[in-house]
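Heads up: the structure comes next, in structure tokens.
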Amino acid sequence: MQARIVAAVRGVRWLAEGWRLFAAAPVAWLGMLGLYYLMVMLASLVPFLGFVAVAVTTPAFSVGFMAIARAAASRARPELALLFDGFRHQPRSQLVLGAVYFALAGAVFAAMAFVDDGSLRAMLSAKRAGSEAAEVSGALTPLALGGALYAPVMLLFWFAPLLVAWHGVTPVKALFFSLAGCLMNWRAFLSYGAGAAALILAAPFLLVSLLVLVSGGGLSPKDPEVLLPFMLLLLPPFYGSFYASYRDVFGSPKEA
């Protein structure tokens with residue numbers, strides 16, 4: 001297993017490739033993404049066990065979305081079965097990865113809860129109730145800590161599920177190679193992160209502002225029904241960009 005080192009500009013191109021893969025089959029992407037999040041919502045109705053189920057199956061479903069991206073890249077029609085592709089390739093290893101992911105994600109949440117003075121819980125409770133939180137500045141510390149702790153977890157799992165499914169690598173080696181591949185290409189990932197941040201912050205703001213202007217002020221950017229569709233539209237291109245990064249660093253599946 002050998003990771004390539006790519007140019008820094010490739011990080012931005014991964015985002016562009018993600019949009020191209022989304023444009024190749026937008027209906028299929030949105031349909032399967034909607035199905036997945038419907039399953040997540042149904043699982044979340046079960047206290048604790050639902051969270052465990054979602055976390056443990058996250059690596060396997062990530063393989064499914066990469067299989068959809070691979071189909072779009074080859075101009076094939078993505079089929080529903082591809083969403084569950086991760087459960088057909090090394091399913092036990094995928095569940096091992098899921099257990100590790102659950103443990104690490106749980107540790108991150110535990111650390112956030114430990115430093116939270118109640119502000120974050122109050123903000124989340126207010127959001128669920130549909131009211132505005134009185135004070136959110138106190139929530140910045142646990143959120144910042146959570147982001148810092150989750151970053152290495154994200155690097156560990158960026159490539160790991162695909163390396164297990166498509167390369168037959170053991171979970172431990174897959175986590176190692178994923179982290180190594182990300183660190184070796186830190187310049188590309190830095191440009192990717194900058195481009196992704198700009199896209200997440202700028203694109204919805206510009207589109208929503210245009211919609212508010214067209215509606216004559218009848219809609220507000222704070223309305224969830226205004227912002228949510230744009231955020232959902234960003235998810236498939238990001239999944240496509242993950243596949244583009246894998247293909248650049250570890251080669252296409254045909255080369256594996």
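The values are calculated or read from the model by the stated rules, or taken from the named source; none is laboratory data. Note that this is a predicted model, so its numbers are computed, not measured. Cβ sites come from the backbone with ideal geometry, for glycine too, and all protein chains shown count toward neighbours. The protein model used for the area step is the full one, side chains on, heavy atoms only, and it has no ligands, DNA or RNA in it. Shrake-Rupley method; radii C 1.70, N 1.55, O 1.52, S 1.80 Å.
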Picking from 43, 24, the residue that is touching a Gly at 6+ places or on another chain (Cβ under 7 Å), of a type outside the set (Asp, Glu) and over 22 Å from residue 178 (Cβ atoms) would be 43
Which numbered condition in (1) at pLDDT below 70; (2) more than 25 Å from residue 26 (Cα to Cα); (3) open to solvent by less than 50 Å² (accessible area, probe 1.4 Å) is the only one that residue 230 fails?
(2)
Residues of segment 25-38 satisfying the condition of being surrounded by fewer than 15 Cβ atoms within 10 Å (Cβ to Cβ), of a type in the set (A, V, I, L, M, F, W, C) and closer than 24 Å to residue 165 by Cβ
35, 38
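Residues checked against (1) open to solvent by less than 30 Å² (accessible area, probe 1.4 Å); (2) modelled with pLDDT of 70 or more:
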{"residue": "185", "(1), (2)": "yes, yes"}
{"residue": "193", "(1), (2)": "no, yes"}
{"residue": "205", "(1), (2)": "no, no"}
{"residue": "211", "(1), (2)": "no, no"}
{"residue": "217", "(1), (2)": "no, no"}
{"residue": "225", "(1), (2)": "no, no"}
{"residue": "251", "(1), (2)": "yes, yes"}
{"residue": "254", "(1), (2)": "no, no"}
Determine if segment 86-106 includes at least one residue that is at pLDDT below 95, buried (at least 22 other Cβ atoms within 10 Å of the Cβ) and either assigned to a loop (DSSP other than H, G, I, E, B) or aliphatic (A, V, I, L, M) (or both).
yes
State the number of residues belonging to segment 39-60 that are free of Cβ contacts under 8 Å to residues at least 40 places away in the same chain, under 15 Å from residue 100 (Cα atoms) and open to solvent by less than 40 Å² (accessible area, probe 1.4 Å).
1
Test for residue 71: is it in a helix (DSSP H, G or I), of a type in the set (A, V, I, L, M) and over 15 Å from the mean Cα position of the chain (by Cα)
yes
Assuming residue 112 fulfils every condition listed in (1) under 22 Å from residue 246 (Cα atoms); (2) open to solvent by less than 50 Å² (accessible area, probe 1.4 Å) apart from one, which condition is it?
(1)
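Every residue, every condition in (1) of a type outside the set (A, V, I, L, M, F, W, C); (2) modelled with pLDDT under 95; (3) part of a helix (DSSP H, G or I); (4) touching a Pro at 6+ places or on another chain (Cβ under 8 Å), yes or no:
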residue: 28; (1), (2), (3), (4): no, yes, yes, yes
residue: 34; (1), (2), (3), (4): yes, yes, yes, no
residue: 59; (1), (2), (3), (4): yes, no, yes, yes
residue: 62; (1), (2), (3), (4): yes, no, yes, yes
residue: 76; (1), (2), (3), (4): no, yes, no, no
